[in-house]
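The values are calculated or read from the model by the stated rules, or taken from the named source; none is laboratory data. Keep in mind that this is a model prediction, so the values were computed, not measured. As a convention, Cβ positions derive from the backbone with ideal geometry for all residues, glycine included, and neighbour counts pool all protein chains shown. Just the protein is used for accessible areas: all its heavy atoms, side chains included, with ligands, DNA and RNA removed. Shrake-Rupley method; radii C 1.70, N 1.55, O 1.52, S 1.80 Å.
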Amino acid sequence: MDKPYVMHGWHLSYFSGKTRAYLRYKGVPFEDKAVDALTLLWKIPRKTGAAVMPVVVTPEGQWLQDTTDIAEALEQRFPEAPVTPATPRQRIAAMLLEAWADEWWIPVAMHYRWIYPENFRLFQRDAGDGLLPWFPRPVKDRLASFVADKMRGYLPAVGVVPEQRAVMERWTEDMLDALEKHFAVMPFLFGTRPSVADFGLIGPMYGHLGRDPWPKQHLVEPRPHLKAWIARMNQPQVRGGEFLAGDAIPETLQPLLDAVFREFYPMVAGIRDEVRLALKTLKPGRSRLPRALGMIDFPMGKGRYRRAAMPYTLWMMQRVLDAYAGLDAPGRAAVDAWTAAQGAPEAMRFDIGARLKRVDLHVKVER
């Protein structure tokens, strides 16, 4: 029997949910291995440069890190039923929604996990069992509590503060209502086949909103079509299905696209501006940017939201712009017509300010 791939991750983990669902859909033979302390703090940093999850180890012993890069690498090995649409408008829309799901939803996921105490017992159990599988429960609980305190320490940087709770919760319920309406008429975001956008969105929807007790009960259970999509994304599936014919974008995705162009784009612009300021202060010969920069302010629903700028988000936007640049002239024209109809005619000419390269959890400027 051939040696399987190995995914090191947790069911608690935002991005592990994305990669696990992708591996299952593609039929990749893999072992789903909970990350223990030794692997997280020694093996993974030694192989990838950062203590991070998920990582995927290939049968040849290559360690892949970053969910986007993992999927791109495995698409080459498992080309059947590709998850990135081939047609121009769907391709760009799916990649934009993937970036939005990866980056915008992080504060939402962290808010609902850490603000509601009902969630702690599940985190404590799963994290303790994962990190110290052979240790007694009191030791597991103590380490899990330490990790939880560390995670709570990140909340202000991503904007999870009391004065922003109302705007975030109102925005989240509105967006989940939009998803519920969409999944009532379509099994996946762009048709009967999951796309990169579905895999991006399952990250927050499974690991946080769909498993943590409070959001599961109050946000997911009342929305049966959303709940069914979460279940679909986590089951081994028959590869196939189709994206909508004619490069069509479902009308039911309009609330999500409005959020991309009216909220996510201003956030990315704020990050770009913070990166420009940071470049002026980098020491000669240095090109790596900090993971977080200054605070930025942007629209969220009917209010405003404030959080630290994360340069990684700008790298995700760069991927979308590169995909657009790689289209032929008719393809770019089709995308331009679509973004113009969205009220964002210059969306594909967004100036990211500097060419970026991802290095473990950081990005650096290509000089």
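Numbers below:
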quantity	calculated
Net charge, Thr48 excluded, C-beta distance under 11 Å - Lys, Arg +1, Asp, Glu -1	0
Potential lengthening between Glu173 and Arg349 on full extension [0.36 nm per residue; Cα-Cα distance subtracted]	60.2 nm
Solvent exposure, largest accessible area first (probe 1.4 Å, DNA, RNA and ligands not counted), of Ile202, Ile106	Ile106, Ile202
Signed unit charges on C-beta, dipole axis of the chain, positive-most listed residue Ala334, Gly128, Phe30	Gly128
Radius of gyration, Dmax [the chain; alpha carbons; angstrom]	20.0, 63
Estimated distance in nm for a label pair at Leu361 and Ala166, the labels positioned 7 Å out from Cα along Cα-to-Cβ	3.4
Cα shape, region 112-153, gyration tensor, a/c 1.5 rule	prolate
Residue-wise HN-Hα coupling along region 251-261, computed from phi with Karplus coefficients 6.51, -1.76, 1.60 (Hz; x: Gly, Pro)	4, 5, 8, 4, x, 5, 5, 4, 5, 4, 7
17 Å tail of the calculated P(r), region 34-79, as % of Cα pairs	31
Karplus 3J(HN,Hα) series, Hz, for region 55-66 with 6.51 cos²θ - 1.76 cosθ + 1.60 (x for Gly, Pro)	10, 10, 9, 7, x, 7, x, 7, 9, 9, 10, 5
Label-point gap, in nm, between Ile115 and Asp149 - each point 7 angstrom along Cα→Cβ	2.4
Cβ-placed point charges (K, R +1; D, E -1), dipole of region 1-70 about Cα centre in debye, nearest 20	60
Rough spin-label spacing in nm, given labels placed 7 Å along Cα→Cβ, for Leu41 and Leu244	4.9
Cβ-Cβ FRET estimate between Leu282 and Asp328, R0 fixed at 45 Å, reported to 0.05	0.75
